[in-house]
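Visitor: One structure is given below, represented as structure tokens, and several questions about it will come after.
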Amino acid sequence: MNKVLKLSSNDLRQIRRDPMLMAVLFGPILLMILVRYGIPEIDKLTLKHFEFSMLEYNMLILGFFMLLIPFLVGILVGLLILDDRDEGMIVFYSVTPLGRKGYLMYRLASPVFLSAIFTFLMGWFNGIAYIEMAKLLASVLLFSLEAPLIALVMVSLASNKVEGLAVTKGLGVILAFPFLAHLVHSSWIWAGSIIPTFWASQTFATETVNSFSFIATVIGGIFVHILFIWMLMNRFIRQAN
């Protein structure tokens, strides 16, 4: 426990020194404020000037913004890992009682925890849509698993922070695709099931939480996320060795 607290303390000091990391850390809070207060006001303007209500797509908008939270948290953790790798800290931790696997478990658990808190708060206190608790909790679970995926993809494909940020640009398009696909009512959207975000978006879009399809989608989403995390984690460990 002391090792985890020490790592957390080091992370906070590192974030305070880097304006970019600070911006990423406060991003989820700003998104929550935007959804709670900004979107309803923007909707009033679009309705007044263009006779179009954004809130016709309120669940789609809310789901997309909830997705952005683990995306930002994953970027934050990915940048911290890249910093640690550049400074040789991962090698240092590998010879301490914490070990390399302990370090990685901390790095993967912390974004899940942060994302779960922020996405739940956004879903519960949003000002644009009502979500049943069962759907909210299932969606929070799948959304929060996106954060370690983002971090692992960054550190697997990038060798420094600049390359890491470039990777996230491509990831943003891929991760947003399943939500945009819901604008097209076709069975072809299941072609996106290979993308982990697809399962989170399907869970969020399901209208009946008591149905078999909802339960199957949640279970399928958990399996796909864990599979991708396991593969990327092993790749990271091999690279570190």
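Visitor: Net charge around Val209, counting only other residues with Cβ within less than 9 Å of its Cβ (Lys, Arg = +1; Asp, Glu = -1)?
Guide: That works out to -1.
Visitor: So what is the relative contact order of the chain, in percent, for Cα pairs below 8 Å that sit 6 or more residues apart?
Guide: 21 percent
Visitor: What nm distance separates the two modelled labels at Ala109 and Glu87, each placed 7 Å from Cα along Cα→Cβ?
Guide: 2.2 nm
Visitor: Same structure again: Any chance you could give the angle, 0 to 90 degrees and rounded to 10, that helix 161-181 forms with the longest Cα principal axis of the chain?
Guide: Rounded to the nearest ten degrees, it is 30.
Visitor: What does the charge count around Thr119 come to, taking other residues whose C-beta lies under 14 Å from its C-beta (Lys +1, Arg +1, Asp -1, Glu -1)?
Guide: Around Thr119, the charge tally is +1.
Visitor: With runs of 4+ DSSP H residues as the only contributors, calculate the mean residue ellipticity of the chain at 222 nm using -39,500 (n - 2.57) per run, divided by the residue total and rounded to the nearest 500.
Guide: One gets -26500 deg cm²/dmol as the mean residue ellipticity at 222 nm.
Visitor: According to a simple spin-label model (label point 7 Å from Cα along Cα-to-Cβ), what is the distance in nm between His49 and Ala23?
Guide: In this crude label model, Ala23 to His49 measures out at 2.6 nm.
Visitor: Short version: ³J(HN,Hα) in whole Hz for each residue of the stretch 54-68, in order, from phi by Karplus 6.51 cos²θ - 1.76 cosθ + 1.60 (θ = phi - 60°), x for Gly and Pro, what are they?
Guide: My calculation for the stretch 54-68 gives 5, 6, 5, 10, 4, 5, 5, 5, 4, x, 5, 5, 5, 5, 5 Hz in order.
Visitor: Something else now. Over 32 Å between C-alpha atoms is what I'm after, so list which of Lys6/Lys135; Lys6/Lys161; Lys135/Lys161; Lys48/Lys169; Lys48/Lys161 land there.
Guide: Lys6/Lys135; Lys135/Lys161; Lys48/Lys169; Lys48/Lys161
Visitor: Something else: What is the helix-to-structure angle for 39-50, meaning the angle in degrees between its Cα long axis and the longest Cα principal axis of the chain, kept from 0 to 90 and rounded to the nearest 10?
Guide: Computed tilt is about 40 degrees.
Visitor: When you count, for each residue, the other Cβ atoms within 10 Å and take the mean per peptide, how do 223-234, 58-69 rank with the highest first?
Guide: 58-69, 223-234
Visitor: How many percent of all Cα-Cα pairs in the stretch 1-155 sit more than 25 Å apart?
Guide: Tail fraction, whole percent: 38.
Visitor: Here is a follow-up. To the nearest 10 degrees, how steeply does helix 196-205 sit against the main Cα axis of the chain, on a 0 to 90 scale?
Guide: Taking Cα atoms only, the helix is inclined about 30 degrees.
Visitor: For the stretch 92-171, state which chymotrypsin sites (Phe, Trp or Tyr not before Pro) are in a DSSP loop and have at most 11 other beta carbons lying within 10 Å of their beta carbon.
Guide: Sparse-neighbourhood loop chymotrypsin sites (Phe, Trp or Tyr not before Pro): Tyr130.
Quick note: the coordinates plus some simple rules give every number you see, no bench work behind them. The shown structure was predicted, so the numbers you read here are calculated from the model rather than taken from an experiment. In this analysis, Cβ positions are derived from the backbone assuming ideal geometry, glycine residues included, and neighbour counts consider all displayed protein chains.
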